[in-house]
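First comes the structure, then the notes that go with it.
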Amino acid sequence: MIDRTYTRSFLQLVMPLCLILCSVNAMAQCAGIDDSITICEKDADDANKTFNLFTVLGGTPDPGGTWSTNDPANFYALDRNTGIVNLWEVKNSGSHEFTYTNICGGAEESAVVTVMLGGYPGEDNIDGSADACGDDPAVNLHGFIGDETEGKFQDFNGTWDAITPEAIPHLSLNFFDAESAGPGIYEFTHTVPAVGSCPSRQATLLLEVQRPANSGIGSGLTLCTTDDLSVYTDFDLNSLLEDEDINGTWSEGAETNQLSDLTDHNIDIQAIRDNHIYGSFSFTYTVYPSHAVCDIHRTTVEINILPAFRGTMTAPNFCEGPPRYRIDITDYDDTLISDGTYTVSYRLDSDSGFQIDAAQLTLNPDRTGFFEVDANSVLKNETTTLSITSLGLDVCADIQIAPIQFIVTEPIANVTDTCEGEDVPVTLSDIFDPSFTRANGTYDVNYTITAPSGTETAHIASTITFNSGSAEFAIPASLITESGEYDFDFEVVNGFPMECDITSTAIITAIPEAIQLDVVVDNSCNATGIDVLVTAPTLVDGAYIVTYEVVSQETNAVLIDNTINFSGGTADYQIDVATLEQGNYTITVKSTQNDTTPCRTQFDFEVNENFAIEGVPALPEAEPLQTLCLASFAPALPTLQDIVVEANGEILFYDTATDLDILPLDTQLVDGEDYFISNIDPNNNCEGSDRIQVTVSLSDPEMPTLVEGSPAFCGSENPTVGLLNTSVASSDGIVWYDSAIGGNVLDNNETLTHGKSYFAATEVSGKCQSSGRIEVIPIVYELEAASLEFSTLALCGLDEPTIANLREAESNNPYDVLWYDTPENGSPLDGSTLLVSGTTYYAESYNPDTGCMNPDRKAITVDLTNCDPEDYGFFVPDGFSPNGDGRNDTFFIPNIEVIFPEFTLEILNRYGTTLFKGDQNNPAWDGKNGSGTAPNGVYFYIINYNKEGHTPVQGRLYLNR
């Protein structure tokens, strides 16, 4: 509806003014005059889709201007050139202003058209065509009341209301939470407000919320390749779903081939594992909705068969220093896990606590791998246990690799800088034994010396004493052949095993050349002239003092002395001894060097020479035939220095009486050989002109012969060394040693050790022993003591158990067991011997192959009351006849004293008077009472079994004589 009635009162007021100004402003109204129009039902007329605003302008506007709007919601509904507006595209009811602008006489003018637009609520939708799915939490209700085919769109400034009460909580503005409301039919209204003379309007919507398809909530199944999957050979996939519709179907990937048709929902996971080893396998449950407004729902579940990690983890013991320590994996099962890189989580445990860390594990195609442990996570000098805890979510949590132990330590070697010609001090510290205790005791130390020239030599320092992991020793100077920087590498034999070197370096400084002094006597036994020679080429030129003196050996008086001023180089001086009388003398030449050259070891130089004036030493004295026992020198042979000689001065040995070649003192003696001896006076270096002769005889008795190389003894008999004498034969006495050469003499009462070597030598007349020894290795049979599972054995005496039944108590004894009824001595009991309740029996270990036994006997006490009454037909008689015929003369309960040894029996008459009390020592009632014979009749008994699990019983019995 369009209202174009102008207010008459307004026109009556403005007309006179217009007449006055009309002639003046006629040319200034090219944009027209502001005007307005009301349109209540824009949807009723198709012409409103092309509504011409220009026709609404008042006055006489000129064409050719432009249109504009300040409302962005109307921007695209307006054609700015033509002023055509599509009122169906104006989505809000109310007042809308459109401005027309034109150029009048060079000036810009504008006029406003105001459109009062009534509301359009949309079209009623109540024919059941409005559907929403019940899984939509935000259904836009506007989508159901517009007419998109005709281009009609409801206003956006209307109000939605829920008419159905159940829908009210779920409506927010124009959005309805169908998911929360659930399936059903809900009524809504969309109301647009009144605008001016335009009334309010309303559209009704009947929305049916359709039940959505529900394929359920899936839960995956994760298994391990190494799991026992036999329980999964008929696995129901439905068990992995929750709240699913039952009208769905299962599908699978091409690789599994488990589902036979759309009705199948059972699979064989074990077969999947056998065919594919491991992997992730998907199965999808699909449910189609009952209405097309809802989507097809699918839930995919994953059957994850994780690879398993099995193998061996190894690591050496490390030395501190590297930033990481390598852990090797070997023999991993590549059928259970592929090679590649994994994130390994591990745990390090030591006495001080634990650390958790992760690293990259590399597995190679050759079934080896490794990862590296951060050195900062490992505590030094503590045993560290490394456990792999995980290889990530894609590998089984059950890691089949045993933890390993390793130790990080820091052994230290310190070699002291030394001067050439001196032993080199070495200090070792933080050295551990194989049990990782700081080393104590003696160890051999292997070491390698690398000289400055690069030459390497290997050596051993034997039996070095360690105390709390530290030791000191010296490298002999003879092994140091150069000066300069040396490298030393050490290994403690049988010490703690480590994958690192114990190294050190040291500087060996050369010793400066010394001053060489020499004295040359023309004849030491009858000197007539002496030369003093000096050589000092390394000294700088200058004055050096060299002194000499001649001293009488008899009086110590200095007879000749002098001082020589000397410059660097060489010199030769003559000493006149013509004035000396007959006797022995010493010539001494010396000098002092006061330089500070490093490693100079000799500052004072001195040379002495003894000589004589007319002197020869006395002849030596010795037994001409000397016998030596070879065993006294084994493993070496006697030498010249073992010949007994008395002489003044130094003894000299020769092959012949005239030979001039002196034999070395370490020359080995030859049986029956002649040796010639002279001597030299050390005071004057004079040797006698005559020699004495000594003939040597070497004695070596025949060693014993072997009778039994491995004699056997029982350890329980405490065999001693003396018992070995029967294992050898000798023509004389026998002496036992603990080694084949040298060693210690063993006492005959010393206890024998199994497998140890003993060596017998022949001893003649208690003096000379054979150098050869015969070896005997005894066998000493040691038996473990018998062991028993328990100290008390419960049996039933009614089974007549015997000694053979005691074998039930034996505990994996490696030898036979003999049974005794005494803790010591006695004879073994036969297996058929009946057991006696409460008796203690004793088990002794016995080896029938050697006849040896272990006398440490183990005790077990036998209880023969372990009888189940039902197993032995236990019953209480209901009567007896004490008539003296030898049959049923007493009331006696068979076997009660065996089954219930602590029982008590009480017999009462019908008046409650006790007639008899019985127990194990008095089990039978003979039918008498305190005053005589009980008459025939009914009597009563009370039995207390006094055994756990058995309550007292009472009953009656009949006495009939």
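Throughout, read-outs are computed from the coordinates displayed, never taken from laboratory work. These numbers come from a predicted model, not from an experiment. Glycine also receives a Cβ, built like all others from the backbone with ideal geometry; neighbour counts cover every protein chain displayed.
Cβ-to-Cβ counts within 10 Å put V492, V231 in ascending order as V231, V492, the fewest first. For the stretch 312-409, the relative contact order comes to 34 percent (Cα pairs under 8 Å, sequence separation of at least 6). Once you have the Kirkwood Rh of the stretch 873-959 from its Cα pairs, apply Stokes-Einstein at 10 °C and 1.306 mPa s and quote D in µm²/s. Estimated diffusion coefficient is 120 µm²/s. Here the contact order of the stretch 916-961, divided by its residue count and restricted to Cα pairs under 8 Å and six or more residues apart, works out to 32 percent. In terms of its C-alpha gyration tensor, the chain has an oblate overall shape, because the principal axis ratio a/c (a ≥ b ≥ c, square roots of the eigenvalues) is not below 1.5 and a/b does not outweigh b/c. Helix 8-25 and the long axis of the chain differ in direction by around 80°, with both axes built from C-alpha atoms. Compute the FRET efficiency between Y872 and S811 as 1/(1 + (r/R0)^6), taking r as their Cβ-Cβ distance and R0 = 51 Å, and round to the nearest 0.05. Efficiency computed from Cβ-Cβ geometry: 0.95. Sorting Y76, Y945, Y346 from the fewest to the most surrounding beta carbons within 10 angstrom yields Y76, Y945, Y346.
Of the chymotrypsin sites (Phe, Trp or Tyr not before Pro) in the stretch 873-933, the ones in a loop by DSSP (not H, G, I, E or B) with at most 11 other beta carbons within 10 Å are F875, Y911. Of all DSSP-defined beta bridges confined to the stretch 369-508, some 95% are antiparallel rather than parallel. If you keep only loop residues by DSSP, which GluC sites (Glu not before Pro) in the stretch 457-556 have at most 14 other Cβ atoms within 10 Å of their Cβ? Loop-located and lightly packed - E482, E499, E513, E554. The loop-placed chymotrypsin sites (Phe, Trp or Tyr not before Pro) in the stretch 785-845, going by DSSP, that have at most 11 neighbouring Cβ atoms within 10 Å of their Cβ come out as F790. For R324, the residues 5 or more places off, or on other chains, whose built amide H falls under 5 Å of its own are A375. When C796, C396 are sorted by how many other C-beta atoms sit within 10 angstrom of their C-beta, beginning with the fewest, the order is C796, C396. When peptides 388-394, 573-579, 94-100 are ranked by their average number of other Cβ atoms within 10 Å per residue, the highest-first order is 94-100, 388-394, 573-579.
Computed from backbone phi with θ = phi - 60° and the Karplus coefficients 6.51, -1.76 and 1.60, the 3J(HN,Hα) list for the stretch 210-221 is 8, 5, x, 5, 9, 8, x, 9, x, 10, x, 10 Hz; x is used for glycine and proline. Take every Cα pair under 8 Å whose residues are at least 6 apart in sequence, average their separation, divide by the length of the chain, and the relative contact order is 4 percent. A P(r) calculated from all alpha carbon pairs of the stretch 625-699, with 10 Å bins opening at zero, reads 19, 52, 24, 6 percent. If both residues of a DSSP beta bridge must be in the chain, then about 90% of such bridges are antiparallel.
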